[in-house]
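Read the structure below first, then the notes.
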Amino acid sequence: ACYSSALDLARSLGDIWEEVRVRSKMGSLCSFIAGREEEARKHFEWAWERSREVGDSFIEAGTAYNLGRLNLNLGFLDEAARFLQRALTSFRAMGNQGSVGFVRTSRGLLELERGDFTAARQELTEAVRLLRAADHRLALSYAQATDALVDLALGDIPAARAQVKESLVP
């Protein structure tokens, strides 16, 4: 309801930048609600297209990331890879290493879904390195826990346990 009110206000003021921002946030919210994935996609796609018009590369990159994650969650792996690559390229260009690490974590999960454990491990190793350097503890924990999934897929239960133990946020 709050986002809908914000969207109405942005539209009434003709503030396209704020509308882009709100639609991206609405997409994020909808992506976490079962049955609203297509609504999320519409918000994300609208925001992604318009973010370039308003020149907000951070919202563009973040929305590309969210489109990648949504597609990954829905099993559309090629689309997920395309949007995650766009997000990665944009965040790298901005020098936003924390976001690069977060995208690399998602790319690791994508490669795990594809069954390419070597590529998954490479993505996740780099994600852990970047997130540790950026001192982004929560994202680092997520990357380490995701890397534990690679260990599980390879049948290495002790390594998976060690990864999970290390991933616990103090």
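The values are calculated or read from the model by the stated rules, or taken from the named source; none is laboratory data. Quantities reported herein were computed from a predicted structural model and do not represent experimental measurements. Heads up, the Cβs are rebuilt from the backbone with ideal geometry, glycines too, and the neighbour counts pull from every protein chain shown. Accessible surface areas use protein heavy atoms only, side chains included; no ligands, DNA or RNA. Shrake-Rupley method; radii C 1.70, N 1.55, O 1.52, S 1.80 Å.
The figures follow:
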{"read-out": "Residue-wise HN-Hα coupling along region 54-60, computed from phi with Karplus coefficients 6.51, -1.76, 1.60 (Hz; x: Gly, Pro)", "value": "8, x, 9, 5, 5, 5, 4"}
{"read-out": "Residues of the chain: accessible area per residue with a 1.4 Å probe, Å²", "value": "52 Å²"}
{"read-out": "Mean Cβ neighbour count within 10 Å, used as a protection proxy, ranking 62-70, 128-136, 50-58 highest first", "value": "62-70, 128-136, 50-58"}
{"read-out": "Label-point separation, THR89 to VAL54 (7 Å along Cα→Cβ), nm", "value": "2.3 nm"}
{"read-out": "Point-charge dipole on Cβ atoms (K/R +1, D/E -1) for the chain, about Cα centre, debye to 20", "value": "280 debye"}
{"read-out": "In sequence order, calculated HN-Hα J values of region 78-92 (Karplus, 6.51, -1.76, 1.60; Hz; x Gly/Pro)", "value": "5, 5, 4, 4, 5, 6, 5, 5, 4, 4, 4, 4, 5, 5, 4"}
{"read-out": "Estimated FRET transfer efficiency (ARG36, LEU77; beta-carbon r; R0 22 Å; 0.05)", "value": "0.55"}
{"read-out": "C-alpha center-to-center spacing [region 96-170, region 3-62] in angstrom", "value": "29 Å"}
{"read-out": "Dipole of the chain [Lys/Arg +1, Asp/Glu -1 at C-beta], most positive-end residue of ASN73, VAL150, ALA61", "value": "VAL150"}
{"read-out": "Per-residue HN-Hα couplings for region 112-127 [Karplus 6.51, -1.76, 1.60; θ = phi - 60°; Hz; x = Gly/Pro]", "value": "4, 4, 6, x, 9, 5, 5, 5, 4, 4, 4, 4, 6, 4, 5, 4"}
{"read-out": "For Cα Rg over 2.2 N^0.38 Å, calculated from these coordinates, the label among (1) 1.10; (2) 2.18; (3) 1.25", "value": "(1)"}
{"read-out": "Listed peptides 92-101, 15-24 by packing density, highest first (mean Cβ within 10 Å)", "value": "15-24, 92-101"}
